[in-house]
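Peer 1: Handing you this structure, nothing more for now.
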Amino acid sequence: MRDIDRAQRLLGLFTSADCAEAIAGDLIEERRDRGVLWFWRHVLGTVLVVSRGAVAAAPLQTLTLVAAGCVLFAIPAFAGVAAVRLFPQLIGTLVSWIVLSLFWWGGGLWTGASIVTIAQTRGMAACVVLAVVGEALLIGFGLFGAWQHAVSARSLAFYTIALLAPAPLLAGGTIARSRAIACASHRPEQ
């Protein structure tokens, strides 16, 4: 698959197909002179700008979706911690980290898909906001914790699992949004 097709599909998650095609076309023309890294940096920057525009257009609706996403993600997050704590003899072992990551990453996938299913037009923007804010808070808490206490292997594994949680969150939103776009394109026109 060519870069322009990937960029159109990514931008199409956040805007109309025509607009995504136009933006990707403009960026692909500049890619010849500026390179692949420039191209993808600007595609991702455009995604952030379009998400910011969706948030600015309806901040209350988007923040409500973000709050709903926090609640939806809290359920599997607490379930993962509870599942690990049920067997104290396994805390800190590979099994406990696998269980925790499955709950958290599965919860991220479920949360992203749920948010986009609830609100198809603003869902992806809410997923991006939730991912960015969550990562910023997690990095801040991690740096504060590292400054206050010595870094252990346990805390490093915990933060690594948590830092990777936005990837399944965005993947879940992408899957749900792609399915919605595919269903809309296959509907007969009335």
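Peer 1: Let me have the 222 nm mean residue ellipticity of the chain computed from DSSP H runs of 4+ only, each contributing -39500 (n - 2.57), with the sum over all residues rounded to the nearest 500.
Peer 2: -29000 deg cm²/dmol
Peer 1: Ala171 label point, 7 Å along Cα→Cβ, cut-off 13 Å on backbone N: hits in the range 108-132?
Peer 2: Residues passing the 13 Å test: 108-113.
Peer 1: Here's something else I'd like to know. If you average the C-alpha positions of the range 109-136 and of the range 37-77 separately, how far apart do those two centres end up, in angstrom?
Peer 2: 6 Å
Peer 1: Oh, and also: At 7 Å along the Cα-to-beta-carbon direction for both Ser178 and Val36, put a label point, then send me their distance in nm to one decimal.
Peer 2: Computed distance between label sites Ser178 and Val36 equals 2.0 nm.
Peer 1: Taking 7 Å along the Cα-to-C-beta vector as the label spot, tell me the Ile75-Ala58 distance in nanometres, rounded to one decimal.
Peer 2: The modelled label-to-label distance comes out at 2.2 nm.
Peer 1: Given a 1.4 Å probe, how much area per residue of the chain is accessible, in Å²?
Peer 2: On a per-residue basis, the chain sits at 62 Å².
Peer 1: Quick check: convex hull over the Cα atoms of the chain, volume per residue in Å³, rounded to an integer?
Peer 2: 162 Å³
Peer 1: Over the chain, what is the mean sequence separation of C-alpha contacts under 8 Å (at least six apart), divided by residue count, expressed as relative contact order in percent?
Peer 2: Normalised by residue count, the contact order of the chain is 23 percent.
Peer 1: Which order do peptides 96-105, 21-30 fall in by mean Cβ count within 10 Å, highest first?
Peer 2: 96-105, 21-30
Peer 1: For the chain, take the longest principal axis of its alpha carbons; what is the angle in degrees between that and the long axis of helix 123-148, to the nearest 10 within 0 to 90?
Peer 2: 40 degrees
Peer 1: Right, here's the next one. Report the label-to-label distance for Leu164 and Val151 in nanometres (one decimal), using points 7 Å from each Cα along the Cα→Cβ vector.
Peer 2: Result: 1.7 nm between the two label points.
Peer 1: Which part of the range 100-115 falls in the paramagnetic zone of Ala83, meaning amide N under 16 Å from the point 7 Å along Cα-to-beta-carbon?
Peer 2: Inside the label zone: 100-111.
The values are calculated or read from the model by the stated rules, or taken from the named source; none is laboratory data. In this text, all values refer to a predicted model and were calculated from it rather than measured experimentally. Backbone-built Cβ (ideal geometry, glycine too); neighbour counts: all protein chains shown. To get the accessible areas, we keep the full protein, side chains included, count just its heavy atoms, and leave off ligands, DNA and RNA. Shrake-Rupley method; radii C 1.70, N 1.55, O 1.52, S 1.80 Å.
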